[in-house]
Amino acid sequence: MMGPWVEKYRPQTLDDVVGQRHIVDRLKKYIDAESMPNLMFTGPAGVGKTTSALALVKSVLGENWRANFLELNASDARGIETVRTNIKNFCRLKPVGAPFRIIFLDEVDNMTKDAQHALRREMEMYTKTASFILSCNYSSKIIDPIQSRCAIFRFAPLKGEEIVERLKFIAENEGYEYDEKAIETIVYFSEGDMRKSVNMLQSAASSGEKITENSVYAVVSKAKPQEIKNMINDALMGDFIKARNALRDIMILQGTSGEDMVNQIYQELSKRVMDGKMDGDVYMELITALAETDFRIREGANPRIQLEALLTKFL
């Protein structure tokens, strides 16, 4: 198998970016104007923030984009010295064959507060020679002086049909047959994350010439939605022992983690209340219990014991 499909099939132009059309249309205006303010891309992982930034940089800077572009991952280099040395030295240089230089800082919400204040100062000093593109998952972790200096673009999780279309395109280009159910399963577990979807597709493809539902479940190590549904049904019907045994089979025999169980139970409960199959008051009580279980598991409690205790709330 070739290298990571995520990089191989990363869109190279804004027109090729999957979804986010409202954002792409706004970004295209900067290409036509050949200038751009400081930008902030915020949203969940795997929805196209980095891809959109790179596509925009290549379009704005043209063939000399590499000489005028600096990319840093703030989760690795997030201290104040990085801002004072790497970024400052880059901003001081004159653009080569381009109207200005661009600095792309990924995961900027992981930068320390001191580093963010230093970054604000650099953004202020070099407004005529450089523009910044900041990417983060949580804009609330960015200090207000930086946010006020940026045009903010909020990325949303990708829609299921958009992911399906892209996964089918990749599978066909790689010469793999696939089942429709396998693609639907990948979309279900990806939760709007294109990067996760493509990685799951590639992992499932490594098991044979055809991508099937079973090959997807073999690589995601998560329970089938029907198994979670049956377990919840048993608990709601008052059969705790049967529900507990189902929980044991999913966690012990299939190796599903406690965190994944919490997420899948949440998805099933949300689906039920949206479909009108569960009363709103009951849903609120169960979600409250689920949130407590999630907190305890993340704090280090035994996942199986906590989930069994959760099932008692369903009775």
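The values are calculated or read from the model by the stated rules, or taken from the named source; none is laboratory data. Note that this is a predicted model, so its numbers are computed, not measured. For accessibility, only protein heavy atoms count, side chains too; no ligands or nucleic acids. Shrake-Rupley method; radii C 1.70, N 1.55, O 1.52, S 1.80 Å.
Observations on the model:
- Largest GNM mean-square fluctuation across Leu269, Leu286, Leu253, computed for the chain with C-alpha springs under 10 Å, falls on Leu253.
- Helix-only arithmetic for the chain: the sum of -39500 (n - 2.57) across DSSP H runs with n ≥ 4, divided by the residue total, places the mean residue ellipticity at 222 nm at -15500 deg cm²/dmol.
- Among Ala156, Ala246, Ala205, the residue with the largest mean-square fluctuation in a Gaussian network model of the chain, with springs joining Cα atoms closer than 10 Å, is Ala246.
- Once all protein chains are placed together, Val96 keeps about 80 Å² accessible to a 1.4 angstrom probe.
- Gaussian network model of the chain, springs between alpha carbon atoms under 10 Å - residue of Glu177, Glu299, Glu259 with greatest fluctuation: Glu299
- Cα gyration tensor shape of segment 39-132, rounded if a/c is under 1.5, else prolate or oblate by comparing a/b with b/c: oblate
- Helix axis angle, 49-61 relative to the chain longest principal axis, alpha carbon, degrees: 20 degrees
- Distant-in-sequence amide H partners of Leu39 (H built 1.01 Å from N, under 5 Å): Phe132, Ile133, Leu134, Ala151
- Area of Lys159 that stays accessible when all protein chains are in place (1.4 Å probe, Å², to 10): 120 Å²
- Cα gyration tensor category, rounded, prolate or oblate, for the chain with a/c compared to 1.5: prolate
- Per-residue 3J(HN,Hα) values for segment 230-244, derived from phi via the Karplus relation 6.51 cos²θ - 1.76 cosθ + 1.60 with θ = phi - 60°, read 5, 4, 5, 4, 4, 5, 5, 7, x, 8, 5, 4, 5, 5, 5 Hz in sequence order (x marks Gly and Pro).
- Cα long-axis angle, helix 180-190 against the chain (0 to 90 degrees, to the nearest 10): 70 degrees
- Antiparallel content of DSSP bridges confined to segment 6-145, in %, to 5: 0 percent
- Solvent exposure ordering (accessible area, 1.4 Å, most first) of Ser206, Ser215, Ser257: Ser206, Ser257, Ser215
- The length gained on full extension between Lys277 and Asp32, counted as 0.36 nm times the residue separation minus their Cα-Cα distance, comes to 83.1 nm.
- Accessible area ranking (1.4 Å probe, heavy atoms, ligands and nucleic acids excluded), largest first, for Trp5, Trp65: Trp65, Trp5.
- For the chain, the fraction of 1.4 Å probe accessible surface lying on carbon and sulfur atoms is 48 percent.
- Cα shape, segment 249-308, gyration tensor, a/c 1.5 rule: oblate
- Inter-part distance, segment 29-45 to segment 160-222, computed on C-alpha centroids, equals 31 Å.
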